[in-house]
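Data first, discussion second: the structure below is written as structure tokens.
The values are calculated or read from the model by the stated rules, or taken from the named source; none is laboratory data. Computed from a prediction, not measured in an experiment: that's the story for all the values here. With ideal geometry, Cβ positions are generated from the backbone for all residues, glycine too; neighbour counts draw on all protein chains shown.
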There are 2 protein chains.
Amino acid sequence: MMNLEAAGIGEGISEVIVTTKSGAGAPNAAPIGLVTRRTEAGDLSYSVKLYRGSQTLANVLETRTLAANVTDDVVVFVTAAFEDVRAADFTDFEAVPVLKEANAWVVFSVTSEEEHAEYFQFLLQPERIKINRKAVTAINRGRNAVLEAAIIATRIHRAEDERAKAEMRAQVKNYKELVMKCGGPREHAAMRILEARCSGL
Amino acid sequence: MMNLEAAGIGEGISEVIVTTKSGAGAPNAAPIGLVTRRTEAGDLSYSVKLYRGSQTLANVLETRTLAANVTDDVVVFVTAAFEDVRAADFTDFEAVPVLKEANAWVVFSVTSEEEHAEYFQFLLQPERIKINRKAVTAINRGRNAVLEAAIIATRIHRAEDERAKAEMRAQVKNYKELVMKCGGPREHAAMRILEARCSGL
């Protein structure tokens, strides 16, 4: 099986933008954790959990295919999480919609699936890989903080009660401070989108 | 002035390994936040805060020079924070010690300094830049979590009281869960070094 290290996908959970299309061809993008584990035989296995109710799940059940778009641009993550990615931002790779601006694309096919109460877990096989742009990138705590804030923000509507919500809002506020202190213009822009789109914050 | 985007250093605070040498030539490495701001004139300014008592400060006061090593290998961050980087891991670039494995090096000279109670703030001018290795890297929450845990761990001995220490330990424990869940082998190794070296945890 292909090794995806060149596409920036190593062991652990890689935060990527998963792009898919519906049976009718409409593209969709959503931030997803792509899980890479080493099996007992020493091979790498790739999997994703896709939650019921999501367009990504509906599309993968229809097409048995998805693309992982690797990027560290947090504006892309927040846009995919809270807004619709514009049609003009997609292109095609191996007949799958992908994000033009991503640093790498990996197209996966589904090899098997497990149905759970809240999600499906899909085992994936990489089919094609394309590296678009390599770079040197320093670690930026603000970049990380936007992502953590976005993860909390996507869960806030599922909070058990007002107390849990208040706690989550406080966490987002802490992350925002880190974004404003450590982030650059992209991180600040991503935080603005997040705040504008999450009425629960 | 040089633009350091190619070395992965953009606006905001870039977490880098600062390498320096003493007047006698002994190399040192420490994780430092390199601050990049846009001035009112539209230029980029670079600065660091170096805390009193640190070897990095002593060396910069002697040599007026430092190198920023850009890497996203968290083992390097944790090692530089809690252990001595081995002499064999350094090489020379423009007569400044740098880390062989870093993805990029930027040598800075000091243009001015401000003395504060706890630290010196140095304004820096980039003198030479070297790109060693470009790559695609997916965002990994475990990678970020190791760094956050390490930052807390370096501050735990300065905690005001036992209650503050307990709170910091709880934060490190939460980050460790994220490292174990989302990180790969390098993140797990970095967490082990952190735990072995921080008796306060």
Original post:
Is there a residue in the stretch A:66-86 that is crowded, with 16+ Cβ neighbours inside 10 Å, more than 12 Å from chain B (Cβ to nearest Cβ), in contact with a Leu (Cβ under 6 Å, 6 or more places away or on another chain) and modelled with pLDDT of 95 or more?
Top reply: yes
Original post:
Would you pick out the residues in the stretch B:163-188 that are surrounded by fewer than 17 Cβ atoms within 10 Å (Cβ to Cβ), within 12 Å of chain A (Cβ to nearest Cβ) and either outside any helix (DSSP H, G or I) or not polar (S, T, N, Q) (or both)?
Top reply: B:MET180, B:LYS181, B:PRO185
**OP:** Just need a number here: residues in the stretch A:6-26 that are surrounded by fewer than 23 Cβ atoms within 10 Å (Cβ to Cβ) and more than 9 Å from chain B (Cβ to nearest Cβ).
**Re:** 6
**OP:** Search the stretch B:111-137 for residues being more than 30 Å from A:LYS130 (Cβ to Cβ) and surrounded by 18 or more Cβ atoms within 10 Å (Cβ to Cβ), and hand back the single one that is farthest from the other protein chains (Cβ to nearest Cβ).
**Re:** B:PHE120
Original post:
Considering A:ALA190, A:ALA135, which residue is touching a helix residue (DSSP H, G or I) at 6+ places or on another chain (Cβ under 6 Å) and within 25 Å of A:LEU99 (Cβ to Cβ)?
Top reply: A:ALA190
Original post:
What do you reckon, is A:SER22 out of contact with any Leu (no Cβ under 9 Å at 6 or more places or on another chain), assigned by TED's automatic domain parsing to the domain that holds A:THR79 and not charged (D, E, K, R)?
Top reply: yes
Subject >> From the options B:VAL78, B:VAL96, B:VAL85, residue that is in the same structural domain as B:ILE9 (by TED's automatic domain parsing), under 22 Å from B:LEU44 (Cβ atoms) and of a type outside the set (Phe, Trp, Tyr) >> reply: B:VAL96
Original post:
Among the residues of the stretch A:45-64, is there at least one that is in contact with a strand residue (DSSP E or B) (Cβ under 9 Å, 6 or more places away or on another chain), within 12 Å of chain B (Cβ to nearest Cβ) and part of a loop (DSSP other than H, G, I, E, B)?
Top reply: no
Original post:
Which one is nearest to the other protein chains (Cβ to nearest Cβ), of the residues in the stretch A:138-160 that are outside any helix (DSSP H, G or I) and touching a Lys or Arg at 6+ places or on another chain (Cβ under 8 Å)?
Top reply: A:ILE139
